[in-house]
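Participant: Okay, here's the structure, questions in a sec.
The values are calculated or read from the model by the stated rules, or taken from the named source; none is laboratory data. All values reported here derive from a predicted model rather than from experimental measurement. We place every Cβ from the backbone using ideal geometry, glycine too, and count neighbours over all the protein chains shown. Side chains are part of the model used for accessible areas, which takes the heavy atoms of the whole protein and leaves out ligands, DNA and RNA. Shrake-Rupley method; radii C 1.70, N 1.55, O 1.52, S 1.80 Å.
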Amino acid sequence: MKALGHVYGYIRQSGLGAGLVDLVYLRVSQINGCAYCIDAHTRDLLKRGVAQDKLTLLPVWREAAALFGGEEQAALAWAETVTRVAVTGIPDADYEAAHRSFDPQRLTDLTIAIGLMNAFNRLGVGFRAVPAAAQQGAG
């Protein structure tokens with residue numbers, strides 16, 4: 001966990017904006033069904049002032065593209081194809097699209113962030129982490 005924490009710290013100081021990273025973390029967590037991380041990253045984004053509508057429509061961001069900037073769309077597309085690597089195989093077209101939006105360092109950092117959240121999701125789901133909202137009895 002300490003090593004993952006160091007990677008988390010690295011991503012926070014990378015050239016990626018914290019809001020973009022949190023949006024990607026939330027989308028990856030949605031794909032993986034990690035309730036703990038979905039709760040945590042939704043709360044983080046709300047604290048940053050991200051509109052509820054944007055968070056609600058994140059799972060269908062392509063259909064709600066007007067709510068998402070070009071870099072956000074590129075990051076979300078990359079997050080989805082990398083997270084679903086066993087299914088997608090990360091096609092060349094997906095890589096080329098991501099590469100057009102991010103320079104090599106930022107694309108590397110984005111990919112590390114995606115991998116990190118996939119690891120945290122597996123820990124959260126595997127060890128039955130309870131979301132803060134469920135601990136508080138929110139409904």
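Participant: Look at PHE127 and say whether it is touching a helix residue (DSSP H, G or I) at 6+ places or on another chain (Cβ under 8 Å) and among the aromatic types (Phe, Trp, Tyr).
Facilitator: no
Participant: Hey, could you check region 8-37 for residues that are in contact with a helix residue (DSSP H, G or I) (Cβ under 6 Å, 6 or more places away or on another chain) and open to solvent by 50 Å² or more (accessible area, probe 1.4 Å) and say which is farthest from THR108 (Cα to Cα)?
Facilitator: If we take residues in region 8-37 being in contact with a helix residue (DSSP H, G or I) (Cβ under 6 Å, 6 or more places away or on another chain) and open to solvent by 50 Å² or more (accessible area, probe 1.4 Å), then TYR36 is farthest from THR108 (Cα to Cα).
Participant: Restricting region 116-139 to residues that are surrounded by 16 or more Cβ atoms within 10 Å (Cβ to Cβ) and small (Gly, Ala, Ser), which is nearest to GLU80 (Cα to Cα)?
Facilitator: For region 116-139, the residue satisfying everything is GLY124.
Participant: May I ask you to list the residues in region 25-59 that are touching a Phe, Trp or Tyr at 6+ places or on another chain (Cβ under 8 Å) and either outside any helix (DSSP H, G or I) or among the β-branched types (Val, Ile, Thr) (or both)?
Facilitator: Within region 25-59, just CYS34 meets the criteria.
Participant: Further question on the same structure: Of all residues in region 42-64 being touching a helix residue (DSSP H, G or I) at 6+ places or on another chain (Cβ under 6 Å) and loosely packed, with under 15 Cβ neighbours inside 10 Å, which is nearest to GLY17 (Cα to Cα)?
Facilitator: Among those residues, the one meeting the criterion is ARG48.
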